[in-house]
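Report on one structure; see the data block that follows.
The values are calculated or read from the model by the stated rules, or taken from the named source; none is laboratory data. These numbers were taken from a predicted model, which means no experiment stands behind them. A quick note on method: Cβ atoms are made from the backbone with ideal geometry, for glycine too, and the neighbour counts reach across all protein chains shown.
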Amino acid sequence: MLRRVWYASIAYFAVFFALGLDRYAAHRSAEDLGIFYQTIASAFGCFCNTIEGANHLTVHFSPILFLLAPLVLAAHSAWPLIAVSAAANATVAPALFLIARRRTSERNASFIACVALVYPPLCGVTFADFHENSLVPATILWLLYALDARKYRLAMPCALVALAIKEDEALFLLTICAAAFWRARRTGDLAGARWSAAVALTSAAVFAGYFGFIRPLLGAHGAWHPAVFYTQTLPSANVGPLRALADRLGYLVLALAPLAFLPLRSRVMVLALAPFAEVLLSRAPVTYTMGQHYAAVWIPYVLVAYALAASELANGRPTIARRTVGAAYALCALVFLVANPLHPRYFLRWPDARDARLDRFIASLPAGIDLGTQEEAYTHMGFFPNATLGMEEYPRYALFDWEYPDSNWIVRDGPRIRAAVRAGDYRVVRRDGGIALYERIGPKPPEALHASPAW
């Protein structure tokens, strides 16, 4: 049965890798992919991107990204990031199978585990633009399996990988360690208690060291930028309290309903409280919108809670278990029909002549060009260290492809570049179809000297 689960997982990888490649080739990828592509392409240099405007480690503690640099450098493309995200999340189902198999039959375990492959929040994370969070579900699920099976030699590297993904994982690991230590004390598992204590101390050291030493060492100035999601000054936070509450409740329904609310029957859901709090306490609606990478932080705990509850139900009330897990498959399908986190009508289409033309145009530019552009181009310019989004800093050159009229950055900065051309601040130096390359005439205007990066 495990082999069949792996076959299903390979199919999952193939589907989402193909979908991701299509989205990328059709220039439908968004800002995050460009940020990580540019950051990883410069891993052995500044390890930075023009949107964050500094070493990425000042924003997030993600040394795991250095391991991806050889792939990106060898391919000279962002497609390895799409492949890594699809491959990592494809391993979620086998991990769930191994957890369930410890409690029920292999047939039941395979039926339970493969729900993960059609679970909309996980599919949304896999299809979303690459982010360090893309690596969280698989890492934490394999960690929880290793702890469940008392395989501490496997659990230790999983914990270290989690700590290298992002700084918030250090806090979430502390809750895992607390639960593992409580179980170890209750069962007399000395090895488990030692593991829990060692990983808890390591997690605390990583978290404290990141904020107390690494960020200052790398020249971080001011407050930690992600904290803006929890402040009153965030522009997108201006929604009424009833709307804010309804949005968050709707998000919870979309998280739990596809699993027939089975996770609520397991105590493991306690481990999901901190990740859910990180997402739901944010004042930015994007964090509690399905199809974004933020869901990755709570997905593994919810899936493990589901597998444990479904396995227990399968042993005690097999008929009800079959119907409930079957209902989970049906509910997942229903969510894809009415609230699809992949948004295929927007993100998926066959690449066409305009996509090939934009690729050729980008390839013809010098790599060091100081350029402001739109997402459709920026996400393909990881090896252009001075390429950025938009016109805030009045770059020497601006690239806009007017054949992408629904581009957010065309809508936002299109009027600005047109006004700049009319005012004589920019001129067209090259055209190809709907693509126009503009050059700034003279020095930057005074307001550009004080512009802040487009976070």
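Here are the numbers for the structure shown:
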item: Count of residues meeting criterion [surrounded by 22 or more Cβ atoms within 10 Å (Cβ to Cβ) and touching a residue at least 60 places away in the same chain (Cβ under 8 Å)] in the range 40-56; result: 3
item: Selected residue (only one of 313, 271 is within 22 Å of the chain's Cα centre (by Cα), in a helix (DSSP H, G or I) and surrounded by 17 or more Cβ atoms within 10 Å (Cβ to Cβ)); result: 271
item: Filtered residue count, the range 14-36, keeping only those that are among the aromatic types (Phe, Trp, Tyr) and not in a helix (DSSP H, G or I); result: 0
item: Residues being under 24 Å from residue 370 (Cβ atoms) and part of a helix (DSSP H, G or I) - total across the range 42-68; result: 2
item: Residue among 123, 114 that alone is within 16 Å of the chain's Cα centre (by Cα), farther than 29 Å from residue 207 by Cα and not assigned by TED's automatic domain parsing to the domain that holds residue 363; result: 123
item: Test result for residue 180, in a helix (DSSP H, G or I) and either under 21 Å from the mean Cα position of the chain (by Cα) or closer than 24 Å to residue 88 by Cα (or both); result: no
item: Subset of the range 391-419 (residues that are touching a strand residue (DSSP E or B) at 6+ places or on another chain (Cβ under 6 Å) and modelled with pLDDT of 90 or more); result: 395, 396, 397, 398, 399, 400, 401, 417
